[in-house]
Each structure stands twice: as C-alpha cells, then as structure tokens.
1. Please go through (1) surrounded by fewer than 18 Cβ atoms within 10 Å (Cβ to Cβ); (2) touching a residue at least 12 places away in the same chain (Cβ under 8 Å); (3) part of a strand (DSSP E or B) for residue 155 and return the number of the only condition it doesn't satisfy.
2. For segment 217-239, give me each residue that is touching a residue at least 24 places away in the same chain (Cβ under 8 Å) and surrounded by fewer than 19 Cβ atoms within 10 Å (Cβ to Cβ).
3. Is it true that some residue in segment 133-146 is in contact with a strand residue (DSSP E or B) (Cβ under 7 Å, 6 or more places away or on another chain), surrounded by fewer than 20 Cβ atoms within 10 Å (Cβ to Cβ) and over 19 Å from residue 237 (Cβ atoms)?
4. Run down 25, 60 and say which single residue is crowded, with 19+ Cβ neighbours inside 10 Å, at pLDDT 50 or above and under 19 Å from the mean Cα position of the chain (by Cα).
5. When you go through (1) under 20 Å from the mean Cα position of the chain (by Cα); (2) crowded, with 17+ Cβ neighbours inside 10 Å one by one for residue 129, which number turns out not to apply?
6. If you go through segment 66-87 one residue at a time, do you hit one that is touching a residue at least 24 places away in the same chain (Cβ under 8 Å) and under 16 Å from the mean Cα position of the chain (by Cα)?
7. Criterion first (touching a strand residue (DSSP E or B) at 6+ places or on another chain (Cβ under 9 Å) and under 26 Å from residue 283 (Cβ atoms)) does residue 184 satisfy it?
C-alpha cells in the first residue's frame, strides 16, 4: 500500500519526553503519544544549515560542544571546524544529523546558525538523501505509545519536513513490549528500504521494500547464518546489501561472532567477516566491525575491513561508542565514548565525551578535538 496524507496537526507533548539519538542509520526518538490520536506527534524540530557549513559535496559531522549545552559544532571530513548552531534551550539529550550534515532533528528551535524548516515525529530515521525522514507510526499516522502488554501494528512513512507532506509506504511490524519495527536502511534515490522487527536487541523478519510502490519481499539468506544466540542485522545505505550474524560471543580469545554479507535481492551469500559488523560504508566497499571484550569497561577492537577480500585496513582498541559514514565514500568516523563528571540537574548521570577518529577508506586516520557525541 502506498498512500499520501497531510502531515497532520502538531500537538504538544506532556512533560517527561525522553529523547535518544544515535549517528548511525537506525536511530529513534522515544516520547509520548496516544493510540486514539489521528495526528502524529511532532515535537522535534528539523533544522537546516547554510550551504557554506555543509552540502552534499562537502558533508559535515556534528557534535555537542565540549562544555556548552546550547551549542552544536560541525567539522568537515578534513578536520576543520566549519560551523555551529546555537539554541536558546540546552541540547543535552542529543540530536540526529542527516547523512551529509545539512540538516538535523533537534529538541529545540535554533537561535542562530540554522533555520527551522519543519517538525518531526518521535520515531524517525534520516533517509539517504538527507531531505526526507523515514518514520514508523501506526497505520493511521498516529504515533506509537510505549506498551506494557499489548502490540500495535506499524507502518512505514516517508515524511518531507520542508513541505509537511507524508506518504504511507506499507504496513509492517508491531510495536509492543520490548519490540518495535525498525528501518535498517531507507534510500529514496535507490527506491529501496530494508525494514525489520527488533526484539530485545535481536533483529529479524527482514523485508526489502520498494519505496515507490510499497511492494515488499521477505529477505531470505542462503545459507542462513548459524543460530548461535541473538541475531543481529545491518543493511547498507542503498539497501543492496544485508549482513546478518550472531551477536552473542565476547572476549578477545573466543571470537565466536561472525557476520555474513548477502545480496538483499537474491539472498545469496557474498562473504563472511569475523566479529560484529556495525555499519557498511556509504559506498558499500567497507564494513566497520567491533570485537567487544567481556567487560564494557574494556571497550573493544574496531576494524575497518574490505569485506569482499577480508583485508583489515585499520584497527584500534577503543572505548565503545557511535559512528557515522561519509556519503559516497569508504570513510567512517568512530566516536569512542568515555564518561566523567555529572550532567547538570541529573545527579548520578555522567557526561559522555568523545575524541572522534576519522578513518579513511585506505586506513589512514585523522583525530578530531574532544567533544560530546550527539547522542549524549
């Protein structure tokens, strides 16, 4: 099914909205809502930055300033600071940047450095074109509500914040206790998305979706990955590749984890890579893997791998954190995150800090100044 609807009326959300954003393709923002509402909740701002700060040709990477909760700072992929956004309200709970950094979903309207162009729902992922949002809501368009015992059917929407338009692509999945539908990738230029059902960290029931028509087919890997505990799944930004594997093994010596890369259209296996794949590079040539240690305090070993040959181009033992891919390239940025100091107004909560590392496709690196990750 492929239907259009208006964006619907915005309505205020009560106190206690929780927001969590991750720099990878599959972040979601959790909040409040009501299953009886016909309009979706739109209490996040979509903001756009000047082309002198970020563009499709010159993408940017955004961070929360090291000390100022009202300030986001941007760096280009050569390591130069290229811009900032100041907010009248603090942004300690994060933001969600588009793949090229030209736009962000934020919890407050900007005071300078960016222009608010629209509103966003709670459960959104940026599309690969950095202009649209891929949203999971109820089929009616109403936002999901956290459920303790019941399940609600879900639907995938494509939203255009600049015009307020929204189109339902298809019904998929259920939202319920410890379960929700998720978009592993969503690319309008490639007319493809990969969606799945997430349950307690495990992702399954993958479907490959044609966005223009709403047609979908079940992803059937051949041969399927071995059933060794919880299964993880990652899709490339264009939706042509899917990686699945076990996420249960930890430790520097056991190294039981491995992921297999598949063609999403045929399900045919293309290569098997040791450890957990956490993202494909945007050009599909590389994967970023992590081998976690038994204790999260020990971090893990990150590796940039040419998945087609198995060649390891870079590796480092780092604190665990988030990551982002550079559009149309094999470059990634890794954000190892450590915690220290208290979050103002939240006793017992520690501030996250990162010293990001740009890892280029050839394995060379560039370290950026210390900041705070957008996901807070």
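The values are calculated or read from the model by the stated rules, or taken from the named source; none is laboratory data. Keep in mind the model is a prediction, meaning the values are calculated, not measured. Neighbour counts are summed over all protein chains in view; Cβ atoms, including those assigned to glycine, are modelled from backbone coordinates with ideal geometry.
1. Of everything listed in (1) surrounded by fewer than 18 Cβ atoms within 10 Å (Cβ to Cβ); (2) touching a residue at least 12 places away in the same chain (Cβ under 8 Å); (3) part of a strand (DSSP E or B), residue 155 misses just condition (1).
2. Initial filter on segment 217-239 (touching a residue at least 24 places away in the same chain (Cβ under 8 Å)): 219-223, 225, 228, 230-239.
If the condition is that a residue be touching a residue at least 24 places away in the same chain (Cβ under 8 Å) and surrounded by fewer than 19 Cβ atoms within 10 Å (Cβ to Cβ), then 220, 222, 223, 228, 230 are the ones that fit.
3. yes
4. Values: 25 fails: at pLDDT 50 or above.
Answer to the selection: 60.
5. (2) is the only condition that residue 129 fails.
6. no
7. On the way: touching a strand residue (DSSP E or B) at 6+ places or on another chain (Cβ under 9 Å): yes; under 26 Å from residue 283 (Cβ atoms): yes.
Taking the combined requirement at face value, the residue satisfies it.
One line per residue, one yes/no per condition, for (1) surrounded by fewer than 17 Cβ atoms within 10 Å (Cβ to Cβ); (2) at negative phi; (3) in contact (Cβ under 8 Å) with a residue 40 or more places away in the chain; (4) in contact with a strand residue (DSSP E or B) (Cβ under 9 Å, 6 or more places away or on another chain):
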| position | (1), (2), (3), (4) |
| --- | --- |
| 274 | no, yes, no, yes |
| 284 | yes, no, yes, yes |
| 293 | yes, yes, yes, yes |
| 299 | no, no, no, yes |
| 303 | no, yes, no, yes |
| 310 | yes, no, no, yes |
| 318 | no, yes, no, yes |
| 328 | yes, no, yes, no |
| 333 | no, yes, yes, yes |
